[in-house]
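Beneath this line is the structure, given in structure tokens, with notes to follow.
No value in this document is a laboratory result; all are computed from the given coordinates. On a predicted model such as this, the values are computed, not experimentally measured, just so you know. Cβ placement follows ideal geometry from the backbone for every residue including glycine, while neighbour counts extend to all protein chains displayed.
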Amino acid sequence: AVTTPSRLTPYLTIAVPAVKGDKVRSGIAGNLAGFTGKDVIIGIIDSGIDINHDDFKNPDGTSRILFIWDQTIDGTPPSDFTFGAECTKEDIDVGRCTHKDFMGHGTLVAGIAAGNGRATGNGYLPNRYVGMAPEADLIIVNATEGDFGLFSDRIIEGINYIQTRAAALGKPVVINLSLGTQDCPH
């Protein structure tokens, strides 16, 4: 059947309340109240992140991104690996980090997980383009190759990288892998 185009809209405004994320952050959810991701790290292995996006900055303008390991480019690799380029929070804050998210998917995933709404001027207003954990810090790994492929060995190394850095900071970590394929039967 042929259909006409339909209007699409971003649904982060209804996704967070649908899973009661707004109640958890606001204090309405009883003993789960006040969970905003503060003192937690979210690790994302994807296509990278837009380091200049306001949703990943603190109120003082400094980055909430603690580390980026871009496995796809040459540069200064992390001390425990022999390839890629690593940026620290300091590198990002002073403008030394040149990492780019050319696909945008990693930035999208990071926004859903930890965007704080600063880019749209919403701050922490419930239901307005604020991610699930708006005060969480981030560790990002760009493991994409070519047409957005991620190789399993690079994913495992990315998990190790994120866990090692979070452990060194003494903080709990949650790692997101937004992966899937259309290559096999369903």
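Some points to look at:
- Cross-link pairs 23/100; 20/89; 100/171 - those with Cα-Cα distance over 28 Å: 23/100; 20/89
- Legend: P(r) of the range 65-143 from all alpha carbon pair distances, 5 Å bins from 0, whole percents, reading 3, 15, 22, 22, 18, 11, 6, 3, 1.
- FRET efficiency, 1/(1 + (r/R0)^6) with R0 25 Å, evaluated for residue 80 and residue 60 via beta carbons: 0.25
- Whole-Hz ³J(HN,Hα) from phi, Karplus 6.51 cos²θ - 1.76 cosθ + 1.60, for the range 157-168, glycine and proline x: 5, x, 4, 4, 4, 5, 4, 5, 5, 5, 4, 5
- A simple spin-label model places pseudo-atoms 7 Å from Cα toward Cβ; at residue 178 and residue 19 they are separated by 1.2 nm.
- Spin-label pair residue 153/residue 96, simplified geometry with 7 Å Cα→Cβ offset, distance in nm: 3.0 nm
- If R0 equals 22 Å, the separation of the Cβ atoms of residue 103 and residue 163 corresponds to a calculated FRET efficiency of about 0.35.
- Most to least packed among 44-50, 166-172, 132-138, 60-66 [average Cβ atoms within 10 Å]: 44-50, 132-138, 60-66, 166-172
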